[in-house]
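The values are calculated or read from the model by the stated rules, or taken from the named source; none is laboratory data. What you see is a predicted model; the values in this text were computed from it and never measured. Here the Cβ is made from the backbone with ideal geometry for all residues, glycine too, and neighbour counts use every protein chain on show. Note: accessible area is taken over every heavy atom of the protein model, side chains too, but ligands, DNA and RNA are not part of it. Shrake-Rupley method; radii C 1.70, N 1.55, O 1.52, S 1.80 Å.
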Amino acid sequence: MTPDEEARHRAKMIKRKEVQDREVASKTVEKGLLIVHTGPGKGKSTAAFGLMLRALGRGFRVGVVQFIKGAWETGERLALERFSDQVEWHTMGEGFTWETQDRSRDVAAAERAWEKAKELMAREDIRLLVLDELNIALRYEYLDLAAVVETLRRRRPDLHVVVTGRNAKPELIEAADLVTEMTLVKHHFAAGVKAQEGVEF
């Protein structure tokens, strides 16, 4: 860069920093967040577990309730077992709906998972709770949507809750503080690539 270009760039970045600093200084609220990861793209649970890793690094105690996945041996669960003094993990589902083929069993499993979720929400030592694939249970009406949303709204003020799964209900989206929709652009399954250890599980 020429000296003039360097000077223009520096002046631009000084102004940008001033704007950014004012924006950051204006944010003063600290609260537990209701975070929703939804959409047809891959990465919803992955993002939630990434956030868990960040929380663990800060010394938080965290919880996971899996609503749909059955007794898969997943890489994230194996990794997080190393933090057993900070993590409570509850796999409550019996597998995907097309595997169980039994709605009453699926409803009963979802109800048990929701009771566990409420139990963990009530505990003051849990700082972050991941409700993995709760959106699926709500989509298939395994749980009462209004009751779930109301309970999430009334959670204690310092608790962060992350809800994952496709097809998040509008009522949950409205209640959330942060919603991210994963967009499917390209997926290797379409090219015949199977689910692989370390990527999908």
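The set of residues in region 128-139 being part of a helix (DSSP H, G or I) and open to solvent by less than 20 Å² (accessible area, probe 1.4 Å) consists of LEU134, ASN135, ALA137, LEU138.
For region 78-100, check the following and say yes or no: at least one residue is small (Gly, Ala, Ser), loosely packed, with under 15 Cβ neighbours inside 10 Å and part of a helix (DSSP H, G or I).
Within region 78-100 (the criterion being small (Gly, Ala, Ser), loosely packed, with under 15 Cβ neighbours inside 10 Å and part of a helix (DSSP H, G or I)), the answer is yes, since at least one residue qualifies.
Scanning region 140-151 for residues that are assigned to a helix (DSSP H, G or I) and surrounded by fewer than 18 Cβ atoms within 10 Å (Cβ to Cβ) gives LEU145, ALA146, ALA147, GLU150, THR151.
Test GLU133 against the criterion of being in contact (Cβ under 8 Å) with a residue 60 or more places away in the chain and within 13 Å of the chain's Cα centre (by Cα), and give yes or no. Yes; evaluated as a whole, the condition is true for this residue. Count of region 183-201 residues, restricted to those that are of a type in the set (A, V, I, L, M), surrounded by 10 or more Cβ atoms within 10 Å (Cβ to Cβ) and in contact (Cβ under 8 Å) with a residue 24 or more places away in the chain, is 1.
The residues on offer are LYS42, LYS31, LYS27, LYS69, and the sole one that is outside any helix (DSSP H, G or I), out of contact with any Leu (no Cβ under 8 Å at 6 or more places or on another chain), among the basic types (Lys, Arg) and under 25 Å from GLY93 (Cα atoms) is LYS69. The condition of being at pLDDT below 95, in a helix (DSSP H, G or I) and open to solvent by 50 Å² or more (accessible area, probe 1.4 Å) holds for ARG105. Scanning region 58-77 for residues that are at pLDDT 95 or above and either open to solvent by 10 Å² or more (accessible area, probe 1.4 Å) or on the phi > 0 side of the Ramachandran plot (or both) yields ARG58, GLY59, PHE60, ARG61. Exactly one residue out of ARG166, ARG154 is more than 17 Å from the chain's Cα centre (by Cα) and either crowded, with 16+ Cβ neighbours inside 10 Å or farther than 27 Å from ARG103 by Cβ (or both): that is ARG154. It is to be established whether one or more residues within region 110-127 are under 20 Å from SER45 (Cα atoms) and in a strand (DSSP E or B). Yes, because at least one residue in region 110-127 is under 20 Å from SER45 (Cα atoms) and in a strand (DSSP E or B).
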